[in-house]
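Reviewing the structure listed below.
Taken together, the values in this text are just the output of simple stated rules run on the coordinates, not laboratory data. A quick note: this is a predicted structure, and the numbers were derived from the prediction, not measured. Here the Cβ positions follow ideal geometry from the backbone for every residue, glycine too, while neighbour counts run over all protein chains shown.
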Amino acid sequence: MTEAAYRNDFLKEVEAHVEAGHEVKRCMQCGVCAGSCPFGPYWQHSPQKIFMMIRAGKREAVLSSDAMWMCTSCYNCIARCPRKLPITHIMHGLANYAHRLGLAPKGQPTRDFAVMFWQNLARRGRVNELKLTLGHYFKDGIGAGIKQGLAMKAVGLGLYKAKRLNPLEIFGGHKVADLSGFHAIVAKAREIEDRKRGLAS
Amino acid sequence: MSEMKTAAYICTGCGIGDKIDAGTLEKIAAKEGKMALVKRHEFLCGAAGVQMIRDDIDQEGVTHVMLAGCSRRAKSEAFDFPATATTRANLREGVLWVVAEGGEHDEIRQEMADDYVRMACAELKKMKVPAGNPATANNKRILVVGGGFSGMTAALAAADAGYQAVIVEKSGQLGGWAARTWKRVPAAMPYAEPQETGVAELIDRIVSHPKISVHLNATVAETRGAPGRFAVDVATESGAAHSEEVGAIIQASGFTPYDIARLPELGGGAPNVVDHAGLEALAIAADGGAIKRSDGAEVKSVVFVQCAGQRDDSGAHLPYCSGHCCATSIKQAMYFKNANPDVDTVVIYQDLRVPGMGEDFYRSAQNKGVIFTKGKATAVKAAGNGLRVDFRDLILDEDAAVEADLVVLATGQVANSGVDIELPDEDPAKAQKVSILNLAYRQGKDLPILKHGFNDSHFICFPYETRRTGIYASGPVRRPMDMQQAGEDAVGAALKAIQAVENASLGRAAHPRSGDLSFPNVRLEGCTQCKRCTVECPFGAIDEDEKRFPVFNESRCRRCGTCMGACPVRVISFENYNVDTVGSQIKCLDMPDEFSEKPRILILACENDAYPALDMAGLQRHVYSAFVRAIPVRCLGSVNMVWITDALNSGWDGIMLMGCKKGDDYQCHFVKGSEMAHYRMSKVDDTLQQLGLENERVVTHEVAITDNARCARLINDYVAQIMAIGLSPMKGFG
């Protein structure tokens, strides 16, 4: 039991800092989202519970939940919500907010991959698939990486033969024409987004 | 109408003439039915056919008309001869459409049609054109008991329609609970904000209306009479008493909030725990500003506990939902949010139910940041300077607690319905209650109660009707409701009251046989003062005089005939519906002998639901046995035991009674008629045993108007059962 149980404090925080957070209070707890989610049995909390936890003031539990990271963006919940809440957007917004605060669950695979993907992309404005794949294989150590790489050997060779995989990408790789312009765009976008959500960059 | 002249008209339209031999019917009508005039027409309900009948009435002096063709429920506008006794033989829905196709059924189909013509002729000769209740009464004033929102709205509706209205209000001012409410749940687009109650304006209109008079600090000391001639003694607090003559009464005595002191586990009685009414008082005091507790502290957090002492299945509290509390709590939470959005407002609900346009209102509250949490409150305790509400969060499935400066318990509405007349006099619960109407009726002082203390009225079919003719219940006295519904109720009840006074002035029946001119005649010289009619009348229409003879108050009567069914000496009758009109039909049949393998099954079918269901079985071509003969009755309650014994003595092989659903969720148009019939028939076994007959020969069924296929099935199953036990040995003695 926290002191702020069933107070508006955390709800207000979510409204201020989370994408579509102002919609959370409109949930009427029918449970259609929970029943529609293909991942329902596999995550800690359904959207219905996450929204109730927000209103119950359970800040720690919400932000450290793995639920938002498990979302595959199938949009079943949005399609079915009788109150027309943008549930998928809210879930991603919560994930993002938890990540920014450093409260997101450590070692959560989806989260790790998302971080890796963004860093890969943001560096040169293009996704370097070779580095991304290798980074993913080796995230759990050298041994695990080699094992995973050997398991996928045939696929890799196939891609190489079909000219879909260039080994030279390991040395820097391709990039956008105006790299500094791209970095400026990303920085500006982040600045605008942070201002909109009241977060310090 | 001195001389009776009968005429029979046989229609061969709609295919009747193709399958049924009209010539035979004509012979039966003339020879057995002894009809003075017998005519055949191929399109009787057409202009030419109807004109033929009219001409006979005008020129030939025909006073009694038998129409053989479609059901009495069809073409009733074409065959409308108000000054002529009219009956119908149901050849279309009752024979043509229900008897199986094919030549092998021609004989039994013809026999069925023949019998229906015999029965209609027999009935016709026993009928008279009803003259109307001579004891008409012309008082058209309307008394409204209760000056709350519902009562005031009813009085205004009646007065605006041109009828004098009198309000009797127990307290010193008009307005009731509505006047003690700061704002009301919105009744208009966009259903987003609490709105003004409008009660002050309503009171102004009442006070200044030339057709409305008001008695404050007044109660009803006694009510005597009947629609059109009620005499009501009004007692005022000052001791002054005077009498009001009125034509109809609207009981809008409202509700009392369930006593929160009975909910100590939820903090009832503790400081800073209030009910809805208590919060309204705080809101009125704040008048849009910050709401303060009784100790003067500004409320920064409030918890609403829904269903407090309601929907309780333990028997300790109210078992029902009061319907308005979800919307009322939403409204009250908005009081706080509108004054200061930073006040934490939590509504702990089990099922949020907001009828009408309440969903919009609910959404509006959510947008304001009211927190709704599905849970069940288990305890409210003092904590620090405020309170702590323990509850089970039903979404997160865990025990939780929330602290608050103020707790509002959403308690239910308890009807101010007066004395439960069904309780025995020695029951202490009866003595505790104060009568509202103090009726000087044989059956008790107040309107009968259905359940949970609410006045008996049929929710869906006839909501304002009570079991006392000319007295209409309106508002939360008949079921829990909010202001919106109470206002609609009030107008409905006012219209019913107007209908009642108009019918009474014309000597006609009120609902459900509205406009019926027949009324019960009693041959007092044959009466044995058994009191069954006075006890069993569902509407308390019959009082007793000093010698304990029944005193019929015709304009209190609904014309169901339950008294006629009850009377062991058969002295009660209606001009066009009596022991003879049905009895003669039962006895006129051409009864096949015991070895014919042609049983005869009598169906006595309630004309409100069962008979239409049979008609519709025909319309939908549900085939049923041609061995049955159906007679419509006004209500199963009007079935006199003599019809049963007569039928058994005449050799009928089985009797089916078809009436409406009985019990708490009754569908009987006369409330208790069907129940009464079922009760009487439960005792029929003795009669059957005396006659040496099997118990299966009399069966009773509850039938809804939609049970079309089921009716056919019931009939066919029953005929098979009768065939199995064999035909009645009583044939040939009748």
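At a Cα cut-off below 24 Å, give the lysines reachable from B:Lys75, other chains included and same-chain residues fewer than 8 away excluded.
Qualifying lysines at Cα under 24 Å: B:Lys5, B:Lys19, B:Lys39, B:Lys125, B:Lys126, B:Lys128.
Where the only charges are on Cβ atoms (+1 Lys, Arg; -1 Asp, Glu), what is the dipole of the protein assembly as shown about its Cα centre, to the nearest 20 debye?
3440 debye
Could you size up the charge dipole of region A:109-197 around its Cα centre, putting +1 on the beta carbon of Lys and Arg and -1 on that of Asp and Glu, and report it in debye to the nearest 20?
Value, rounded to 20: 140 debye.
Find the relative contact order for region B:259-411 and round it to a whole percent, using C-alpha pairs within less than 8 Å whose residues are 6+ positions apart.
Once divided by the residue count of region B:259-411, the mean separation gives 31 percent.
Output needed: percent of Cα pairs per 5 Å distance bin for region B:521-560, bins running from 0 to the one holding the longest distance.
The calculated distribution, bin by bin, is 6, 25, 36, 24, 9, 0.
Fewest Cβ neighbours within 10 Å first, please rank B:Val579, B:Val144 accordingly.
Listed from fewest to most nearby Cβ atoms, that is B:Val579, B:Val144.
Under 4.7 Å Cβ to Cβ, no partner at all: give me those cysteines from chain A, in residue order.
Cys with no partner Cβ under 4.7 Å: A:Cys27, A:Cys30, A:Cys37, A:Cys71, A:Cys74, A:Cys81.
Write down the percent of antiparallel bridges among all DSSP beta bridges whose residues are both part of the protein assembly as shown, to the nearest 5.
Roughly 40 percent of the beta bridges in the protein assembly as shown run antiparallel, per DSSP.
Just A:Met91, A:Met152, A:Met116 to compare: in a GNM of chain A, with alpha carbon springs under 10 Å, which one fluctuates most?
Among A:Met91, A:Met152, A:Met116, the largest mean-square fluctuation in the Gaussian network model of chain A belongs to A:Met152.
Tell me, what ³J(HN,Hα) does each residue in region B:122-131 have, in order and in whole Hz, if you take phi through Karplus 6.51 cos²θ - 1.76 cosθ + 1.60 with θ = phi - 60° and put x for Gly and Pro?
Working through the residues one at a time gives 5, 5, 4, 5, 9, 8, 10, 6, x, 8 Hz.
Taking H as built 1.01 Å from N, whose amide H comes closer than 5 Å to the amide H of B:His215, not counting residues under 5 places away?
For B:His215, the qualifying residues are B:Ile167, B:Val168, B:Glu169.
For Cα pairs less than 8 Å apart in space and 6+ apart in sequence, what is the mean separation divided by the residue count of region B:1-157, i.e. the relative contact order in percent?
Normalised by residue count, the contact order of region B:1-157 is 25 percent.
Residues of A:56-64, mean number of Cβ from any other protein chain within 10 Å of their own Cβ, rounded to a whole number?
2
Say each of B:Ala200 and B:Glu594 gets a label point 7 Å from the Cα, pointing the same way as Cα to Cβ; how far apart are those two points in nm?
8.7 nm
Any idea how far apart A:Glu169 and B:Val207 come out in nm if each label point goes 7 Å out from Cα toward Cβ?
Reported label-point gap for A:Glu169 and B:Val207 is 8.6 nm.
What do you get for Rg/Rh over region B:1-124 if you use C-alpha atoms and the Kirkwood form of Rh?
Rg/Rh: 0.96.
What longest region of chain A stays clear of trypsin sites (Lys or Arg not before Pro) that DSSP places outside H, G, I, E and B and that have at most 12 other Cβ atoms within 10 Å?
A:1-83
Beyond 28 Å, how much of the Cα-Cα pair distribution for chain A remains, as a whole percent?
That fraction is 41 percent.
Once you mark the chymotrypsin sites (Phe, Trp or Tyr not before Pro) that are in a DSSP loop and have at most 12 other Cβ atoms within 10 Å, what is the longest gap between them in chain B?
In short, B:1-458.
Looking at chain B, send over the antiparallel percent of its DSSP beta bridges, to the nearest 5.
40 percent
State the antiparallel share, in %, of DSSP beta bridges confined to region B:259-411, rounding to the nearest 5.
For region B:259-411, the DSSP antiparallel bridge percentage is about 50.
Taking only C-alpha pairs under 8 Å that are 6+ residues apart, what is the relative contact order of chain B in percent?
Relative contact order, chain B: 13 percent.
Under 13 Å Cα to Cα from B:Lys183, which aspartates and glutamates show up? Leave out anything in the same chain fewer than 8 places away.
By straight Cα distance, B:Lys183 reaches B:Glu193, B:Glu196, B:Glu280, B:Asp287, B:Asp482.
Among B:Gly659, B:Ile715, B:Asn608, which residue has its Cα furthest toward the positive end of the charge dipole of region B:587-720, with +1 on Lys/Arg Cβ and -1 on Asp/Glu Cβ?
Projecting each Cα onto the dipole axis, the largest value belongs to B:Asn608.
Amide H neighbours of B:Glu244 under 5 Å, counting only residues 5+ apart in sequence or on other chains, H built in-plane at 1.01 Å?
B:Val232, B:Asp233, B:Val234
Using the Cα centre of region B:106-175 as origin and beta-carbon charges of +1 (Lys, Arg) and -1 (Asp, Glu), tell me which of B:Met112, B:Tyr163, B:Pro134 is placed farthest towards the positive end of the dipole.
So the residue furthest toward the plus end is B:Tyr163.
Between A:Ala151 and A:Lys188, 0.36 nm times their residue separation minus their Cα-Cα distance comes to what?
9.2 nm
Out of region A:25-73, which chymotrypsin sites (Phe, Trp or Tyr not before Pro) are coil in DSSP terms and have no more than 16 other C-beta atoms within 10 Å?
Filter output for region A:25-73: A:Phe39.
Where a ≥ b ≥ c are the square roots of the eigenvalues of the C-alpha gyration tensor, would you call region B:259-411 rounded, which needs a/c under 1.5, or, failing that, prolate if a/b is larger than b/c, or oblate?
rounded
List, in the order given, every pair from A:Lys153/A:Lys188; B:Lys27/B:Lys598; B:Lys598/B:Lys662 whose Cα-Cα distance in the structure shown is over 30 Å.
A:Lys153/A:Lys188; B:Lys598/B:Lys662
Quick one: Karplus J couplings for region B:565-576, per residue in order, coefficients 6.51, -1.76, 1.60, θ = phi - 60°, nearest Hz, x for Gly and Pro?
My calculation for region B:565-576 gives x, 7, 5, x, 10, 6, 9, 9, 8, 10, 4, 10 Hz in order.
Test of understanding: express the Cα radius of gyration of the protein assembly as shown as a ratio to 2.2 N^0.38 Å, with N the residue count.
Computed over Cα atoms of the protein assembly as shown, the ratio equals 1.30.
Write down, largest first, the equivalent ellipsoid semi-axes of region A:9-76 in whole Å, where each equals the square root of 5 times an eigenvalue of the alpha-carbon gyration tensor.
Taking √(5λ) for each Cα gyration eigenvalue gives 19, 13, 11 Å.
Which GluC sites (Glu not before Pro) does region B:218-323 hold that lie in a coil by DSSP with at most 13 other beta carbons within 10 Å?
B:Glu237
Apply the a/c threshold of 1.5 to the C-alpha gyration tensor of region A:109-197 and tell me whether it is rounded, prolate or oblate.
Oblate shape, in that a/c is at least 1.5 and b/c is the bigger or equal ratio.
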